[in-house]
């Protein structure tokens, strides 16, 4: 799950980037409104963690212009101003959730998962498909009740596919979800991860649709 | 606690009583003199009258000393036995006397007025000698009567006064209370108002004497309210500004706790060190700011030699890791600036700190004397984007080219500190790159 962090404080930005990475998110981080606007226009994110006080303006402006572009990406506002009135302004501007500083890293992750679940219209926290069960909070996968051990990247690929059940996802779309824009991606990285996943989950767990991409095997 | 109304009442009561008393004394003296004059005139008149009556034979003067003649002389019914008359022969025999007149001779003198004590009583006597008939007429009245007359007049004055004085006292008391009503109203206002209520007292209807007091009270209220407001803003700002670094510290600590990867943990811990440095600098600057703000109206005088201060700061602030050095021109050692030393150090520290923090690897920060008599501090950093220059000294404003440890307070502190001594800060982007900060006298 790819998350963009917009925060100007270097220590906090780095902490969120690394911390949410440990929590199973693929994170990118920027520090100004201008950068955030540019990145949001050119990349797709599953969620946005947005600070309100930025050096070149308010995070609310980033939020408003996103919503004007009909960008429905879930937004979690982080701010030092957490009076009720501030929260109302933030939520009315199009934010999906609000956290006052200082916050708990685990809570940020939990709220992001809740936002992603709501955005996908899923009722429960777990993602289920054909005997596969993925718990985003624990980053654990089970197949027919038995735990399956996956690497971080393998887990991320499976998470991406299970978040879009039945859909065919192109290789580049999966890459987008997995890697930050600064990261070098080897051309066959996704194929390698899919190969490993098939080895662990069974060869028909993931189907290759020639020339288009991948999807989960079997029917709902 | 002395009460103004009590004081006023006592002053007014005492002075009124004194005026009354002196009036009474004056009336007593003048009445006494008048009574004396009138009664003396009457004595004289009576004496002459008796004498002339003897002359016209209307009174037969028996030459035998035993016979007595009553003289019914009554001036006022209330004052019985006012006048006594004796007629003596020149040989010294009592020829006649009025009712109630003493047997003893009233006076030994020949003519005019005299005073004699007879039987313990003082008499005022007028003597007329009638050489023709060989008699001397003595007319006298008792001084006691005169005293009584005067005393009656004074009593007539004092009795109503005794009645009136309490009433007067009551009136004075009421007037004082009414006169002090505006004061009592303000005191009541102040007493009933809540300790945190700093709204001005309504002085529209008050007396002109109290207006200055009210004015300065309201001024004080306004100053205290302003100070409190600033404190509140400042506390809110400080609390707000501390939240982000605290959030950073907590997040990094949680990263260090959650990760099994030694490299990630090490990195998180070094971020925590940076975060603590930044937070302690922020706290120090918040304290500087608050002490600068506490006495915002006071201009502080003093002067300091710029060179040594800058040299000491440079030694402390230079960054050997990034090989940033600070050069101080020798001319500054000769330069004395009219800035209170503590304020100058505060301003210089923040400017040098900014310059060092924004300098690139192996950058040089140069301090030199300005042609205008001030000090220039230059760095090789990225400067400040032109559109941010007007806002850069706002507190908590952090531009895009901020240093990792920047709090957004440094330049605000510099401006405040210099302003306290009547100096100002000017910032220019140098044409060759970097920022030039000029400490100069206010234009």
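The values are calculated or read from the model by the stated rules, or taken from the named source; none is laboratory data. It should be emphasised that the depicted structure is a prediction, and the values quoted were computed from it without experimental measurement. Every residue, glycine among them, receives a Cβ derived from its backbone with ideal geometry; neighbour counts consider all protein chains shown.
Yes or no: region B:36-57 includes at least one residue that is touching a strand residue (DSSP E or B) at 6+ places or on another chain (Cβ under 9 Å), modelled with pLDDT under 85, part of a loop (DSSP other than H, G, I, E, B) and surrounded by 15 or more Cβ atoms within 10 Å (Cβ to Cβ). Looking for residues that are touching a strand residue (DSSP E or B) at 6+ places or on another chain (Cβ under 9 Å), modelled with pLDDT under 85, part of a loop (DSSP other than H, G, I, E, B) and surrounded by 15 or more Cβ atoms within 10 Å (Cβ to Cβ), one finds none in region B:36-57, hence no. Residues that are in contact with a strand residue (DSSP E or B) (Cβ under 7 Å, 6 or more places away or on another chain) and either in a helix (DSSP H, G or I) or under 22 Å from residue A:163 (Cβ atoms) (or both) within region A:95-106 comprise A:95, A:96, A:97, listed in sequence order.
Within region A:140-161, the residues that satisfy the criterion of being buried (at least 21 other Cβ atoms within 10 Å of the Cβ) and touching a strand residue (DSSP E or B) at 6+ places or on another chain (Cβ under 7 Å) are A:141, A:150, A:156, A:158, A:159, A:160, A:161.
Which ones in region A:53-94 are closer than 23 Å to residue A:43 by Cβ, in a loop (DSSP other than H, G, I, E, B) and within 13 Å of chain B (Cβ to nearest Cβ)? Within region A:53-94, A:55, A:56 qualify.
Out of all the residues in region B:270-290, is one or more within 34 Å of the chain's Cα centre (by Cα), away from chain A (no Cβ under 11 Å), over 23 Å from residue A:24 (Cβ atoms) and outside any helix (DSSP H, G or I)? Among the residues of region B:270-290, not one is within 34 Å of the chain's Cα centre (by Cα), away from chain A (no Cβ under 11 Å), over 23 Å from residue A:24 (Cβ atoms) and outside any helix (DSSP H, G or I), which makes the answer no. A residue that is crowded, with 23+ Cβ neighbours inside 10 Å, assigned to a helix (DSSP H, G or I) and either within 12 Å of another protein chain (Cβ to nearest Cβ) or at pLDDT below 90 (or both) can be found somewhere in region A:20-31. Within region A:32-51, if we keep just the residues that are crowded, with 20+ Cβ neighbours inside 10 Å and part of a helix (DSSP H, G or I), the residue that is farthest from the other protein chains (Cβ to nearest Cβ) turns out to be A:40.
For region B:85-120, the tally of residues that are in contact (Cβ under 8 Å) with a residue 40 or more places away in the chain and part of a strand (DSSP E or B) stands at 7.
When the helices (runs of 4 or more DSSP H) confined to region A:107-220 are screened for residues that are under 26 Å from residue A:97 (Cβ atoms) and at pLDDT 85 or above, those reaching at least 3 such residues are found at A:152-163. Considering the conditions (1) touching a helix residue (DSSP H, G or I) at 6+ places or on another chain (Cβ under 7 Å); (2) farther than 24 Å from residue B:28 by Cα, residue B:154 is excluded by exactly one of them, (2). Checking each residue in region A:175-204 for being in contact with a strand residue (DSSP E or B) (Cβ under 7 Å, 6 or more places away or on another chain), closer than 21 Å to residue A:128 by Cα and in contact (Cβ under 8 Å) with a residue 12 or more places away in the chain picks out A:177, A:178, A:194, A:197, A:200, A:201. Among the criteria (1) within 19 Å of residue B:52 (Cβ to Cβ); (2) in contact with a helix residue (DSSP H, G or I) (Cβ under 9 Å, 6 or more places away or on another chain), the one residue B:110 does not fulfil is (2).
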